[in-house]
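Enquirer: Before we start, here is the structure in question, set down as structure tokens.
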Amino acid sequence: MRKALIKSYVDQLRASFGRVRLPIEEEKLRSLYDEREYRGMVCHIRSVLCLDVPIRLGLVNKGGLPNTPAWIEMPMQMFGVGLFGQRTVTMYIRKTFLAESVFEQVVLAIAHELCHIVLYGTGHVLAKQEEAVDLTAMLLGFRDFYVTGCRSSNRGVISTVGYLTPEEVSYAAEYMTYG
């Protein structure tokens with residue numbers, strides 16, 4: 001387990017974003033998930049993260065890096081002075097991921113991708129560190145979704161999502177809360 005890395009990243013993220021946020025309410029997201037209203041989930045999570053960025057959602061069968069459930073494309077010029085929020089970000093989610101994943105995994109995948117925008121938009125030094133993106137989502141209120149969804153069983157198949165192991169997620173959740 002990478003305890004030192006997690007502590008370092010969490011401490012840097014806390015210095016930028018403050019204390020760990022209260023857990024996000026599940027009810028609205030669960031309702032949207034049950035209706036397969038993924039666009040609504042993206043919009044709700046974007047709102048929770050206070051992101052004022054237009055987001056286009058593409059549900060895809062192919063593209064992106066192999067074995068990635070979701071990814072975003074952001075125009076680099078969107079981060080110039082006065083340009084943030086004026087350019088559209090595209091989020092892609094694999095249809096197979098949506099079909100095979102449980103609720104918490106879908107939430108954490110969306111939160112992870114939107115936290116890329118949070119980190120890039122603030123010019124954070126950890127913006128390119130995937131583990132830090134997971135930790136940012138956890139810090140900003142999605143901790144419980146990570147704890148439940150980072151390793152989950154759907155139809156008897158155990159799968160993991162994210163860049164932290166289930167043990168690292170548990171450690172990070174505890175460290176964020178009490179460390």
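The values are calculated or read from the model by the stated rules, or taken from the named source; none is laboratory data. The model shown is predicted, which means the values in this text are computed figures rather than measured ones. Virtual Cβ from ideal backbone geometry, glycine too; neighbours counted across all protein chains shown. For the accessible areas, the whole protein counts, side chains as well, though only heavy atoms, and no ligand, DNA or RNA atoms are used. Shrake-Rupley method; radii C 1.70, N 1.55, O 1.52, S 1.80 Å.
Enquirer: Do the sum for the chain: with -39,500 (n - 2.57) for every DSSP H run of n ≥ 4, divided by all residues, what is the mean residue ellipticity at 222 nm, to the nearest 500 deg cm²/dmol?
Expert: Rounded to the nearest 500, it is -14500 deg cm²/dmol.
Enquirer: As a test, work out the antiparallel percent of DSSP beta bridges whose residues both lie in the chain, rounded to the nearest 5.
Expert: About 55 percent, rounded to the nearest 5.
Enquirer: Have a look at ARG46, ARG14, ARG36 and tell me which one the Gaussian network model of the chain (Cα, springs below 10 Å) gives the largest fluctuation.
Expert: Sorting by GNM fluctuation, first place goes to ARG36.
Enquirer: What nm value, rounded to one decimal, do you get for the distance between GLU26 and MET1 when each label is placed 7 Å out toward the C-beta?
Expert: The answer from the label model is 2.3 nm.
Enquirer: Separate question: Which aspartates and glutamates have a Cα lying under 18 Å from the Cα of LYS3, excluding residues fewer than 8 positions away in the same chain?
Expert: Within the straight-line limit of under 18 Å, LYS3 reaches these aspartates and glutamates: ASP11, GLU130, GLU131, ASP134, GLU167, GLU168, GLU174.
Enquirer: Quick one: net charge around ARG2, please, counting Lys, Arg +1 and Asp, Glu -1 for every other residue with C-beta under 11 Å from its C-beta.
Expert: Charge balance near ARG2 sits at -1.
Enquirer: Based on alpha-carbon centroids, what's the gap between the stretch 1-60 and the stretch 117-140 in Å, whole number please?
Expert: 11 Å
Enquirer: Evaluate the relative contact order of the chain (contact order divided by residue number), counting alpha-carbon pairs under 8 angstrom at least 6 apart; express in whole percent.
Expert: With pairs under 8 Å counted, the relative contact order is 26 percent.
Enquirer: Could you tell me what percent of the accessible area of the chain is made up of carbon and sulfur, with a 1.4 Å probe and every protein chain present?
Expert: Roughly 51 percent of what the probe reaches on the chain is carbon or sulfur.
Enquirer: Would you mind computing, in nm to one decimal, how far apart the modelled labels at VAL60 and ALA15 are, each placed 7 Å from Cα along Cα→Cβ?
Expert: 3.5 nm
Enquirer: Excluding ligands, DNA and RNA, what is the solvent-accessible area per residue of the stretch 1-117 at a probe of 1.4 Å, expressed in Å²?
Expert: The answer is 54 Å² per residue.
Enquirer: Right, another one. How much net charge surrounds PRO69 when only other residues with a Cβ under 12 Å from its Cβ are counted (Lys, Arg +1; Asp, Glu -1)?
Expert: That works out to 0.
Enquirer: Need one value: the accessible area of LYS95 in square angstrom, 1.4 angstrom probe, rounded to the nearest 10.
Expert: For LYS95, solvent-accessible area is about 100 Å².
Enquirer: Can you give the net charge of the other residues whose Cβ lies under 15 Å from the Cβ of LEU59, counting K and R as +1 and D and E as -1?
Expert: So the environment of LEU59 carries a net charge of +1.
Enquirer: Let me ask another. Which label marks the calculated value of Kirkwood radius over Cα pairs in Å, given the options (i) 18.1; (ii) 17.4; (iii) 16.5?
Expert: (iii)
Enquirer: Hey, what do the phi angles of the stretch 115-130 turn into as Karplus ³J(HN,Hα) couplings, whole Hz, using 6.51/-1.76/1.60 and θ = phi - 60°, x for Gly and Pro?
Expert: In residue order, the calculated couplings are 6, 4, 5, 4, 5, 5, x, 8, x, 5, 4, 9, 4, 9, 9, 4 Hz.
Enquirer: Another one. Rolling a 1.4 angstrom probe over the protein chains, ignoring ligands and nucleic acids, what is the accessible area of HIS112 in square angstrom, nearest 10?
Expert: Estimated to the nearest 10 Å², HIS112 gives 10 Å².
Enquirer: What spacing in nm lies between the two simple spin-label points modelled at SER8 and GLU130, each 7 Å away from Cα in the Cβ direction?
Expert: My value for the distance between the label points is 1.8 nm.
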